[in-house]
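Contents: one structure, followed by commentary.
The values are calculated or read from the model by the stated rules, or taken from the named source; none is laboratory data. All of these numbers come straight from a predicted model, not from anything done at the bench. Reconstructed Cβ throughout: ideal geometry from the backbone, glycine too, with neighbour counts over all protein chains shown. For the accessible areas, the whole protein counts, side chains as well, though only heavy atoms, and no ligand, DNA or RNA atoms are used. Shrake-Rupley method; radii C 1.70, N 1.55, O 1.52, S 1.80 Å.
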Amino acid sequence: MIIHSKVVHKLNNACTVNQIMQFRIQKRENENLLKYPTEDVKLAQEFVRKAKAELGDFLIGAILFGSSARGSSTDKSDIDVLLVGDDTSFQMTNPLIEGYRIIVENIVQSITTRLHITSMTFTNFWDYVRAADPVAINILRDGVALMDNGFFNPLQTLLKQGHIRPSEES
């Protein structure tokens, strides 16, 4: 990303120089992405794109995680994706839950049965992280946000900086 900024220098209370400054801001890449096989990432991204198109604003996060990041996956291994639903803005009714389940199953069937989808509400995910649950900590440690409305990447950064303390199990 290139930022352009107009700079006006003041000398003795008089505007004298107009300059345009240009500088680059480099976005930080998630180094965990390199741990996952490229084909798995592409399949997971396709799944997330379709899920977001169907689920709209209800879907606030999609995280790739699992055995691939630990280097223990094979060509037949599951592709683990965590979907996080927004239970703070949407009422979790039975019709919503059933419709969600059907949509996710249909998308998985249309892409690959290697996809293993774990679903969680935003408040549950937050509770697991707050309690330093080993599964949540490992998802933060090894995961890659394929879609994030602003909660996963900050939590991952806080874990890396030591502000979230993992339990002894994780």
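When you look at THR88, is it hydroxyl-bearing (Ser, Thr, Tyr), more than 17 Å from MET120 (Cβ to Cβ), at pLDDT 75 or above and open to solvent by 80 Å² or more (accessible area, probe 1.4 Å), yes or no?
Numbers: hydroxyl-bearing (Ser, Thr, Tyr): yes; more than 17 Å from MET120 (Cβ to Cβ): no; at pLDDT 75 or above: yes; open to solvent by 80 Å² or more (accessible area, probe 1.4 Å): yes.
No; evaluated as a whole, the condition is false for this residue.
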Quick one: would you say GLU29 is open to solvent by 50 Å² or more (accessible area, probe 1.4 Å) and either modelled with pLDDT of 95 or more or assigned to a helix (DSSP H, G or I) (or both)? no
I'd like to know if region 36-55 contains one or more residues that are outside any helix (DSSP H, G or I) and either in contact with a His (Cβ under 9 Å, 6 or more places away or on another chain) or closer than 28 Å to THR123 by Cβ (or both). yes
Near pairs, Cβ below 6 angstrom, 6+ apart or cross-chain, from region 74-94 (of a type outside the set (S, T, N, Q)) to any residue that is assigned to a loop (DSSP other than H, G, I, E, B) and open to solvent by 90 Å² or more (accessible area, probe 1.4 Å): none
One residue is enough: does region 119-133 have a residue meeting the conditions closer than 17 Å to MET147 by Cβ and touching a helix residue (DSSP H, G or I) at 6+ places or on another chain (Cβ under 6 Å)? no
In region 104-139, residues that are open to solvent by less than 30 Å² (accessible area, probe 1.4 Å), within 14 Å of the chain's Cα centre (by Cα) and within 17 Å of ALA44 (Cβ to Cβ) total 1
Filter region 42-64 down to the residues that are surrounded by 18 or more Cβ atoms within 10 Å (Cβ to Cβ) and either more than 15 Å from the chain's Cα centre (by Cα) or at pLDDT below 95 (or both) and list them by number. LEU43, LEU55
Six or more apart or on different chains, Cβ atoms under 8 Å: show the pairs whose first residue is in region 110-132 and without any contact (Cβ under 8 Å) to a residue 40 or more places away in the chain and under 22 Å from ASP57 (Cα atoms) and whose second is open to solvent by 30 Å² or more (accessible area, probe 1.4 Å) and charged (D, E, K, R). THR121/ASP87; THR123/ASP87; ASN124/ASP87
